[in-house]
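Visitor: I'd like to ask some things about the structure below.
Nothing in this text is a laboratory measurement; each read-out follows from the coordinates by a stated rule. The structure presented is a predicted model; accordingly, all values stated were derived computationally and were not measured. Reconstructed Cβ throughout: ideal geometry from the backbone, glycine too, with neighbour counts over all protein chains shown.
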C-alpha cells in the first residue's frame, strides 16, 4: 500500500494524472471514500492526463459516462446502486474487455462483484487537526496486474508519499 497526503484539490487532480500515466487498457480502478473526499476531483485529473478536454462530472444519475481518449475512459458512479448484485446491469465485463480504462467512484459498493485484479484508491478526509483541504490517499493493488506496477507507482507518486 502507498500512503499519500494531498494538501489541495490541485494535489488530488495531480495524483489522478499520475495514476492515468501508469494505467493502461483493461485496467480497473476503484475510488472509495466519503462524500466530498475528492473522488471526482481525482477523476478529473485522471481524465485530463488522458487528454480529455470536456468537463468530467460525476455520473451519479447516468451511472456511466464514456470519454473519447486513448485508451477510452469509462467513468462510473455507483453511489445509487443497492449493492454488488446490481453491477450486472452495468455490463462491467464488456467495459473491461473493450480496451478502455474503467474508473468507478464509490467502488466499495461493488468491490465483491468486480474482478479481483484492480487498483483501489481510498480518499479519506484529513484528521480534525489538519487543514480541511488535506486528504489521506491510500493506493493499494488487488491482484497481480497492479502489484507488478506498485514500485513504479511509488516512485511517480513520491511528491505525496508519507510514512
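Visitor: As a footprinting exposure proxy, order 110, 41, 64 by other Cβ within 10 Å, with the fewest listed first. Intermediate results must be reported in sequence, preceding the final value.
Guide: Numbers: 110 20, 41 23, 64 16.
Fewest-to-most Cβ neighbours within 10 Å comes out as 64, 110, 41.
Visitor: Normalised by the residues of the stretch 78-163, what does the relative contact order come to in percent, with Cα pairs under 8 Å and at least six apart?
Guide: Here the relative contact order equals 23 percent.
Visitor: From the C-alpha coordinates alone, can you work out the Kirkwood hydrodynamic radius of the stretch 74-163, in Å?
Guide: Evaluated on the stretch 74-163, it is 15.0 Å.
Visitor: Could you check which residue among 92, 50, 31 shows the biggest mean-square fluctuation in a GNM of the chain with a 10 Å Cα cutoff?
Guide: Maximum fluctuation in the GNM of the chain, among the listed residues, is at 92.
Visitor: Out of all DSSP beta bridges in the chain, what portion is antiparallel? Express it as a percent rounded to 5.
Guide: About 55 percent, rounded to the nearest 5.
Visitor: Using Cβ counts within 10 Å as a stand-in for footprinting exposure, how do 54, 122 rank, fewest first? All intermediate terms of the calculation are to be shown ahead of the outcome.
Guide: On the way: 54 9, 122 20.
By the 10 Å Cβ count, ascending, the order reads 54, 122.
Visitor: Related question: Which of 77, 129, 11 moves most in a GNM of the chain, Cα contacts under 10 Å?
Guide: 129
Visitor: Relative contact order of the chain: what whole-number percent is it, with Cα pairs under 8 angstrom and at least 6 residues apart?
Guide: Values: 325 pairs, mean separation 54.2, N = 163.
For the chain, the relative contact order is 33 percent.
Visitor: Can I ask one more? When the Cα atoms of the chain are enclosed in a convex hull and the volume is divided per residue, what value in Å³ results? Present the calculation step by step, with values, prior to reporting the outcome.
Guide: Values: hull volume 17.2 nm³, N = 163.
It comes to 106 Å³ per residue, whole-number rounded.
Visitor: Now, a different point. Determine, for 98, 89, 27, the number of other Cβ atoms within 10 Å of each Cβ, and report the residues in order from fewest to most.
Guide: Numbers: 98 14, 89 9, 27 21.
Exposure proxy ranking, most exposed first: 89, 98, 27.
Visitor: Suppose a student asked you for the relative contact order of the stretch 22-84, using Cα pairs under 8 Å spaced at least 6 residues apart; what percent would you report?
Guide: After rounding, I find 24 percent.
Visitor: Please build a GNM for the chain, connecting alpha carbons under 10 Å apart, and tell me which residue among 74, 152, 118 fluctuates the most.
Guide: Top of the fluctuation ranking is 152.
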